[in-house]
Each structure stands twice: as structure tokens, then as C-alpha cells.
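J.: Mind having a look at this structure? Questions to follow.
The values are calculated or read from the model by the stated rules, or taken from the named source; none is laboratory data. None of these values were measured; they are calculated from a predicted model. Don't worry about glycine lacking a Cβ; one is built from the backbone with ideal geometry, like all the others, and counts go over all protein chains shown. Note: accessible area is taken over every heavy atom of the protein model, side chains too, but ligands, DNA and RNA are not part of it. Shrake-Rupley method; radii C 1.70, N 1.55, O 1.52, S 1.80 Å.
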Amino acid sequence: MAGNNTPEPSAPAAQAARRPLDGADMPGGFTETCGSSCTGAESIIDAQPFIPKLTTTDWNAEWMALQQVRRKADDPSYWDSRSHTFPTSTEPSAYARRFIELADIQPRETVFDMGCGTGALAVPLGLAGHKVVAADFSRGMLDRMSEALEQADVHTVFPMQLSWEEDWAAKGVRPGMVDVCTASRSIATANLRDSLLRLTDIARRRVCITLTTGSSPRTDERIMAELGLKDALCPDYLYAINILAAEGILPQVDFICSERNDTYDTPDQAADSLRRMIDGAAGAIVGEKQRQAAYARLHAWLNDNLVPNERAGSPDGHGGVQKALRLRNPRVITWAFIAWDK
């Protein structure tokens, strides 16, 4: 045809264009399955089915195994001794304000606050007019909260000494007892599934918790990664999400960031503190060789990141004063806020 420069196909090519596609022409060399006589059929029949670990892994069993190799859980006496270092105030912290905002607790709703500490949530919720059962296993923490409640003249918060492992029913904590359950930065239990379902059972409407996105709020994830120990960081919050999903619960997830400024008297004190952090986070998860390599990098890292603290001598917010040296950048802790409705 005039003006058409497309060359005419050769005879073999034209015949190939006219014949039906067979298995050899299929993209990627796939063959049509036509019975056991077809080439490759045996390999298709013998192929093992794909089993996704995401849906078959027992996430609570893995969580429980992880707790076995982590540092020993703190007991009430440890928190009793630390209770005086925790600030008590009727003015909530930025973290507490954001938690309460995301929790979306409605006017006149009742709350069960598990692991209440010195009342970071319970005190402002009481000031807002909510009735709150505030539970903690540390008598020292509860006493500090009671002082704050008395100072604020709040009479709708009821302290209860209670641990995650106790028989809650024997203490009067019963199903459907409150509208909303909260557990803010307090879930350090051996059996995560049991703890999540206990809270779900007690709440009539909603449950709100926070878990760290790393392995511990005591761990500086940035330092760990820069020292070659990123493999030791376990995202705790993912266990909760997967356990809830296996129970048919689809949670809302958000994130709350808070900063901590760690200060030290000397470079040696800073090195000792960070070595303890490495041992606590990585001791049972990574090998001795990898930890020794991190120790070797630590002094060079501190030379680059330890600087004079211009606020030395000022209050540190935990009952003491800031020390002479600080890390160049504050430690950022990211908390996963996880909530689900009944």
C-alpha cells in the first residue's frame, strides 16, 4: 500500500502470526496445565502450599519467649523506691494531653487506669469530672498520686493496689465495670494476650494503651542503631497489634513522641550508662561478638555526641538536678497509641 513503509512479514513469520498460541508462547514460558502428561505438571502437583507466617505465628508465644530472655521485670519495691523521683502535677504533660485527646473519653464516662503510676492520666481525668479507678502495684506510686489528688481537691479518683498478674475478680474488678480502660506506658507483662483481653473484658466501650515502638523506653534506638545493634530492637507494639488481629479486633493506631534529656557528670559515667543500656536491650538477643563491637564504637560515638550541658544545676524533672554533660541530641521515645472499640 502506497505510503506504508512497514515491511511484509516473511512466510514463516506470517504463519506463526496466524497459528494459535501454544504453551511455549505464553509469557514467561508458562505451560498450559493439561494433565499429568504435560511437561512440568509433576512439579506443579508436588509443589508445597505457601503458609504465611503472619497468620500462623503464635505472637503471644513469641512475646512470652522474648520476655524470658529480657531483663528481669521490675517488682513493686523498685517502683516504690523511685516514686519520689516522679513529678506530680495537676497540669498534664504534653504526652498525657495527647493520650487523653486520642482516647476520646466522653463526658461522665468512667475509667479504669491500669498502671496509673503517680496519676499522669488519673489526676487530669479526675479534674475533668470522670470517676477513675486508678490501679498500680506500687504503693509508693499510689501514695504520690494521692498527694496530688488531695492537693487538687479531687475526690472522684479511687486508688487500688493491683498487679497485672493478680486475680482481678478477687479485688472487685469485674467485666463491664467501666466505660473506658487505659494502660499508659504500663504493659510490661509476661502474657500480653491475657493483659489485652482483661482490659477488653472490663471496658464497656473502649480500650486505650501505649507501647513503645522499640524494645524499651530505657533504650535509645538511635544510639543502638548507630552502634550497629539495630537487630536488637524489637517493636513491642507490633505484637499487640498482631495479637488483637488474631482475636478479630482491628485497633486504631497513632503515635506520641516524647523527649528525654539524659545528663552525666563525666564521660566515664556516660559510657557506663550506655553500656548498661546495651546489655539490657541486647544482652540475650545478639551475640557477644556483636556487643563487643558496639562497646568498641561507644567511646568514639561519645566523643562526637557528648557536649557541655548549659543547663547544669537546674531541675531535671525527676527530683534531682541536671549534670555537667548531655548528649548532643535528646533521646526521642516514640509510643504507639493503640485503641479499640467494643
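J.: Tell me, what is the 1.4 Å probe accessible area of K131, in Å² to the nearest 10?
T.: So the heavy atoms of K131 present about 120 Å² to solvent.
J.: Same structure again: Figure the gain on full extension for D341 and A47 (residue separation times 0.36 nm, minus the Cα-Cα span) and round it to one decimal in nm.
T.: Length difference between fully extended and current span is 101.6 nm.
J.: Also, I was wondering about something else. Provide the packing ranking of 304-310, 335-341, i.e. peptides ordered by the mean count of other C-beta atoms within 10 Å per residue, highest first.
T.: Descending mean neighbour count gives 335-341, 304-310.
J.: For the range 116-181, what percent of Cα pairs sit more than 18 Å apart?
T.: Summing the P(r) tail past 18 Å for the range 116-181 gives 33 percent.
J.: Could you name the aspartates and glutamates in cross-link range of K230, using Cα to Cα under 17 Å and dropping any fewer than eight places away on the same chain?
T.: D220, E221, D279, E288
J.: Still on this structure, please answer the following. Kirkwood-based Rg over Rh for the range 129-260 (C-alpha set), two decimals?
T.: Ratio of gyration radius to Kirkwood radius for the range 129-260: 1.00.
J.: Any idea how far the Cα center of the range 128-179 sits from the one of the range 199-230, in Å?
T.: Result: 23 Å between the Cα centres.
J.: Give the aspartates and glutamates reachable from K342 as a straight Cα distance under 15 Å; neighbours fewer than 8 places away on the same chain don't count.
T.: D104, E109, D179, D201, E247
J.: If ligands, DNA and RNA are left out, what is the accessible area of L250 with a 1.4 Å probe, given in Å² to the nearest 10?
T.: Its accessible surface works out to 150 Å², give or take rounding.
J.: Taking the Cα centre of the range 278-342 as origin and charging only Cβ (+1 Lys, Arg; -1 Asp, Glu), how large is the dipole, in debye to the nearest 20?
T.: Roughly 80 debye for the range 278-342.
J.: Ranked highest first by average number of other Cβ atoms within 10 Å, how do 139-149, 291-301 line up?
T.: By packing density, highest mean first, the sequence is 139-149, 291-301.
J.: If you look at just the Cα atoms of the range 213-342, how large are its Rg and its Dmax in Å?
T.: Spelled out, the Cα radius of gyration and Dmax of the range 213-342 are 17.3, 52 Å.
J.: May I ask you to derive the FRET efficiency for D104 and S314 from their Cβ-Cβ distance with R0 = 35 Å, giving the value to the nearest 0.05?
T.: So the FRET efficiency works out to roughly 0.45.
J.: Still on this model: Over all alpha-carbon pairs in the range 188-244, figure out the percentage whose distance exceeds 14 Å.
T.: Percent of Cα pairs beyond 14 Å in the range 188-244: 60.
J.: Separate question: Full extension from E165 to E259: what is 0.36 nm times the residue separation minus their Cα-Cα distance, to one decimal in nm?
T.: 30.8 nm
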